[in-house]
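The values are calculated or read from the model by the stated rules, or taken from the named source; none is laboratory data. This is a predicted model, so every value here is computed, not measured. Virtual Cβ from ideal backbone geometry, glycine too; neighbours counted across all protein chains shown. To get the accessible areas, we keep the full protein, side chains included, count just its heavy atoms, and leave off ligands, DNA and RNA. Shrake-Rupley method; radii C 1.70, N 1.55, O 1.52, S 1.80 Å.
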Amino acid sequence: SQTIPNLPNIYFIVFDSYTSSVSLKKYFNYENNEIDTFLKSKGFYLANNAKSKFHETHKSIAATLNMSEEELDSLFSDEILSTAVYGRNIQWSKTVKELYARNYQFINLSFFDIGGTMHLYDNSFLLSENYLANSLFRYTRLAPFFINEPNATYNTDLEIINRLQHIPEQQDKNKLFVYAHLSITHGPYYFDRNGKVFPDGRGPYPNDDKKNYLESVMYANKQLM
């Protein structure tokens, strides 16, 4: 391993199911200018037209942390494969190995194991290693009752937000890789734009998930800023 001076801290913050500002304008008629302006003012690059060939979380995260989509095609061509295969590929991804070699300190606020750092919480939709069973549960209204523990999702999000705010106080001499994976913008919808909690997961608009999604995006933006 090697220690290289002046390496940056890396915060890999994922709001699951958060779409692009381009899509928000096109499909939701929502201008996401405030967060875009904020990020640009902080020196971030916005990949406005970025797309992934995968629509499942575990595949997208695996492709991102391995910095490649193509080399995963053969491995992930069979949808029956256990989610454990994806998890292992994320745990010891190219990014993780590179950062280990440079003595990074890992803070894992996700539902995947990252290197030798255990996951913070369990994502119930990935607990089943059977793709068919997983899909059947995912797309029914029974899912929150049979898969998730009551309140687990929004309490976990609130815990992650709190931990992120205190990480700078805990840093030692090693550089940090922080992976935070939040479900604020992923249904069921537990938050409105101001962070008010709706424990039933039906959001402030029980019969309109499009409005609920926008509320969750607004709340995510506030927390990110």
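Taking each residue of the stretch 11-32 that is under 18 Å from residue 189 (Cβ atoms) and looking for partners that are exposed (fewer than 15 other Cβ atoms within 10 Å of the Cβ) with beta-carbon atoms closer than 7 Å, six or more apart or interchain, yields 28/210.
Residues checked against (1) among the aromatic types (Phe, Trp, Tyr); (2) touching a residue at least 40 places away in the same chain (Cβ under 8 Å); (3) closer than 18 Å to residue 16 by Cβ:
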| position | (1), (2), (3) |
| --- | --- |
| 162 | no, no, no |
| 176 | no, yes, no |
| 183 | no, yes, yes |
| 189 | yes, no, yes |
| 204 | no, no, no |
| 214 | no, yes, yes |
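The residues of the stretch 186-225 that are among the aromatic types (Phe, Trp, Tyr) and open to solvent by 50 Å² or more (accessible area, probe 1.4 Å) amount to a single one, 205. When residues in the stretch 60-85 are screened for being open to solvent by less than 60 Å² (accessible area, probe 1.4 Å), modelled with pLDDT of 80 or more and touching a helix residue (DSSP H, G or I) at 6+ places or on another chain (Cβ under 7 Å), 5 of them pass. Within the stretch 36-59, restricting attention to residues that are at pLDDT below 90 and assigned to a helix (DSSP H, G or I), the residue that is farthest from residue 186 (Cα to Cα) is 59.
In the set 104, 154, only one residue is under 26 Å from residue 221 (Cα atoms), open to solvent by less than 30 Å² (accessible area, probe 1.4 Å) and modelled with pLDDT of 90 or more; that residue is 154. The condition of being in contact with a Leu (Cβ under 9 Å, 6 or more places away or on another chain) and modelled with pLDDT under 85 holds for only one of 131, 179, 139, that being 131. Tell me which residues, restricted to the stretch 5-25, are open to solvent by 40 Å² or more (accessible area, probe 1.4 Å) and in contact with a Ser or Thr (Cβ under 6 Å, 6 or more places away or on another chain). Those that are open to solvent by 40 Å² or more (accessible area, probe 1.4 Å) and in contact with a Ser or Thr (Cβ under 6 Å, 6 or more places away or on another chain): 17, 18.
Against the list (1) within 29 Å of residue 123 (Cβ to Cβ); (2) modelled with pLDDT under 90, the condition residue 11 fails is (2).
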